[in-house]
Amino acid sequence: MDVYLAIDFGAGSGRVMAGFVSEGMVNLEEIYRFPNRQVRLGDHLYWDFPALFADMKQGIRKAVQKGFHIKSIGIDTWGVDFGLIDKNGNLLGNPVCYRDSRTDGLPEEVFANTDISRHYAEVGIQVMAINTLFQLCSMKKSDDILLKMADKLLFMPDLFSYFLTGTANNEYTIASTSELLDARSRTWNWELIRQFGLPESLFGEIVMPGTVRGRLKKDIAEEMGVDYEIDVIAVGSHDTASAVFTAGLGDTRHSVSAFLSSGTWSLLGIELDEPILSEEARLAGFTNEGGVGGKIRFLQNITGLWILQRLIAQWEETHKETGYDALISAAEDSDITSVIDVDDPAFSCPADMEHAIADYCRVHNLQIPQTQGEYVRCVLQSLAHRYKLGIEQLNRLLPSPVEALHIIGGGCRNGLLNRLTEDALGIPVYAGPVEATAIGNILVQALAKGEIKNRDEITTII
Ligand code: ADP
Ligand code: LRH
């Protein structure tokens, strides 16, 4: 059977999905799922790129062994992180994780002497310490030798594609998370790059979703047991871009519907044709990321289920309950009312998430959770509360208010969170699809291959 392979790397896990379009439907099969984790080594927090690359190949191999004929491959990943390659094409060190402390305090330092409103009016990106811009500034500040040796900067999906095909370029949606693009012209903001003293040669050709990046290299094809040519296609290479491409499309019940891409992060917003670069948008923490088809993803980056993921990882170590069903049911039975600010830096990378929540509650005179159920309830109602705030802020910027919310991604499997969100927002909340990212990834490949003609056809499929 002919399939497209969607390779989707989230911060929590990666997956290889096979998909095909038939009779107006997208059919998906999960081929392989693997964990993704941050690894602390010395003073830094890294991603394990070689292991992730091996897992990706394992997924491709499994698809071949299952008898699938692969028409093309599309790769998407989490945002902002990157690898540097030298002029011989070698990877210079493992990519550093955006939660590394190297960028702590850098935005304040950088914008002490820069007009932040003017900056936002050009790049349209919510200033966050995790962004590529600040990661590069930190390397420059510490005189990092890797920056001097680097020939090209490749964002994570660019890097995976590069080692599959040998072609080095930068896909638009993922590049938009860097805070180095001009939001309107959708290309590198060279003035900004020069202003921060970053080597211009690092930044390559920007390719749009739907472009063929290259062919699977011969040696890798042989290793995978493939004797035919496979295109690697630039999809919405930022996972959120692939996910929101499909969110709410075809929803004719409401004239304005927002999306919430719910996973490690919660990305709450709406798709627009052009960016909103006003001071109001900046102050409300909105970002204008690049979307598929030249669209703009106008959204807030909200700390999402990461907090719950960390609690569960801790409970696993102490042999406590870790199943989602049991934890959510315990949360349903709990009546704690404490609401924490999920975006407080205290929750971004604490050594102990339970302590971080308890300390926050103590300092803010809130009831401190005692049981696992109370911890989960506290996190979920805090997320719902944050979404309400986000929708209110969005409504103030839009000509007419949001009428419905589509929650997509793994987090939409959390029925309690969906319910708490609907109660907080007072508008209909629709859950699904869970694998929105893989679906968006596959649909762009089908568009690129001419199997789907246009967005209207996609709307029917969705
Ligand atoms: P990412 O791509 O950021 O790693 P995913 O879209 O895979 O995120 O979603 C992961 C999240 O989905 C987890 O943090 C978890 O909260 C939620 N999740 C996964 N499985 C379940 C489940 N069975 N019930 C409820 N929530 C779940
Ligand atoms: C979600 C995500 C999000 C941010 C973050 C770094 O997986 O891509 O949109 O960019 O990771």
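What is the local net charge at LEU311, summed over the other residues whose Cβ is closer than 15 Å to its Cβ (Lys, Arg +1; Asp, Glu -1)? Intermediate results must be reported in sequence, preceding the final value.
Working: positive: ARG310, LYS320, ARG377; negative: GLU316, GLU317, GLU321, ASP352, GLU354, ASP359, GLU374.
For residues surrounding LEU311, the net value is -4.
Whose amide H sits under 5 Å from the amide H of THR211, counting only residues 5 or more places off or on another chain, with H placed in the peptide plane?
ALA234
What is the fewest-to-most order of VAL256, VAL96 by other Cβ atoms lying within 10 Å of their Cβ? The partial results should precede the final answer.
Working: VAL256 16, VAL96 21.
Going from least to most buried by this count: VAL256, VAL96.
Name the residues whose placed amide hydrogens come within less than 5 Å of the amide hydrogen of SER13, ignoring near sequence neighbours (fewer than 5 apart) on the same chain.
Answer set, sorted by chain and number: ASN36.
Which value in deg cm²/dmol, rounded to the nearest 500, describes the helix-derived mean residue ellipticity at 222 nm for the chain, given -39,500 (n - 2.57) per DSSP H run of n ≥ 4 and division by the residue count? Spell out each step's value before the answer.
Details: 18 runs with 174 residues, N = 462.
Calculated from helices alone, the mean residue ellipticity at 222 nm is -11000 deg cm²/dmol.
Spelling out what I want: for every residue of segment 292-297, take phi, set θ = phi - 60°, compute 6.51 cos²θ - 1.76 cosθ + 1.60 (Karplus), and round to whole Hz; glycine and proline get x.
Listing the rounded values in order: 5, x, x, 6, 10, 9 Hz.
Among LEU202, LEU260, which comes first, second and so on when ranked by fewest other beta-carbon atoms within 10 Å?
Details: LEU202 19, LEU260 31.
Exposure proxy ranking, most exposed first: LEU202, LEU260.
Tally the DSSP beta bridges in segment 250-432 and give the antiparallel ones as a percent, rounded to 5.
Restricted to segment 250-432, the bridges split so that about 65 percent are antiparallel.
Take every DSSP beta bridge with both residues inside the chain and express the antiparallel ones as a percent of the total, to the nearest 5. Intermediate values should be presented prior to the final figure.
Working: 47 of 69 bridges.
The antiparallel proportion sits near 70 percent.
What is the dipole size for the chain, taken about its Cα centre, with +1 at each Lys and Arg Cβ and -1 at each Asp and Glu Cβ, in debye to the nearest 20?
Working: 40 positive and 63 negative charges, 129 e Å.
Dipole magnitude for the chain comes out near 620 debye.
Check each of the trypsin sites (Lys or Arg not before Pro) in segment 252-312 and keep only those in coil by DSSP with at most 16 other C-beta atoms within 10 angstrom; list them in order. Mind showing how you got there, number by number?
Values: sites: ARG253, ARG282, LYS295, ARG297, ARG310; in loops: ARG253, LYS295.
Here the sparse-neighbourhood loop sites are ARG253.
Please report the net charge: other residues with Cβ closer than 15 Å to the Cβ of ASP341, K and R +1, D and E -1.
Details: positive: ARG362, ARG386, LYS388; negative: ASP343, ASP344, ASP359.
Summing Lys and Arg as +1 and Asp and Glu as -1 gives 0.
Where does each of HIS406, HIS119 land when they are ranked from fewest to most other beta-carbon atoms within 10 angstrom? Could you put the intermediate results ahead of the total?
Details: HIS406 24, HIS119 20.
The order, fewest Cβ neighbours first, is HIS119, HIS406.
If eta is 1.567 mPa s and T is 4 °C, what Stokes-Einstein diffusion coefficient results for the chain, Kirkwood Rh from Cα pairs, in µm²/s? The partial results should precede the final answer.
Numbers: Rh = 22.6 Å.
Using the Kirkwood radius from Cα pairs, D works out to 57 µm²/s.
Which helices, counted as full DSSP H runs in the chain, have an axial Cα extent of no less than 20 Å and a Kyte-Doolittle average of 0.0 or above? It would help to have the intermediate numbers written out before the result.
Working: long enough: 49-65 (24 Å, 0.04); 372-397 (38 Å, -0.37).
The qualifying helices are 49-65.
Which entries of LYS57/LYS449; LYS66/LYS453; LYS87/LYS152; LYS57/LYS217; LYS217/LYS449 show an alpha-carbon separation above 18 angstrom in the structure shown? Don't jump to the answer; show the numbers that get you there.
Working: LYS57/LYS449 23 Å; LYS66/LYS453 29 Å; LYS87/LYS152 8 Å; LYS57/LYS217 12 Å; LYS217/LYS449 20 Å.
As for pairs spanning more than 18 Å Cα to Cα, those are LYS57/LYS449; LYS66/LYS453; LYS217/LYS449.
What shape does segment 207-339 have by the C-alpha gyration tensor, where a ≥ b ≥ c are the square roots of the eigenvalues, rounded means a/c under 1.5, and otherwise prolate means a/b greater than b/c and oblate the rest?
Working: a/c = 2.41, a/b = 1.22, b/c = 1.98.
Cα axes put segment 207-339 in the oblate bin.
Using the Cα centre as the reference, give the magnitude of the dipole from point charges on the C-beta atoms of segment 250-432 (Lys, Arg: +1; Asp, Glu: -1; all else neutral), rounded to the nearest 20 debye. Mind showing how you got there, number by number?
On the way: 13 positive and 25 negative charges, 51 e Å.
It comes to approximately 240 debye.
For LEU136, what charge total do you get from the other residues with a beta carbon under 10 Å from its beta carbon, if Lys and Arg give +1 and Asp and Glu give -1?
On the way: positive: LYS140, LYS141; negative: ASP144, GLU179.
Computed value for this residue: 0.
Please list, ordered by chain and number, the residues whose modelled amide H lies under 5 Å from the amide H of TYR46; skip anything fewer than 5 residues away on the same chain.
Those qualifying (amide H under 5 Å, at least 5 residues apart or on another chain) are VAL39, ARG40, LEU41, CYS97.
No lab work stands behind these numbers, since they all come straight from the coordinates. Note that the structure is predicted; figures quoted are calculated from it, not measured. Using ideal geometry, Cβ is built from the backbone for each residue, glycine included, and neighbour counts are taken over all protein chains shown.
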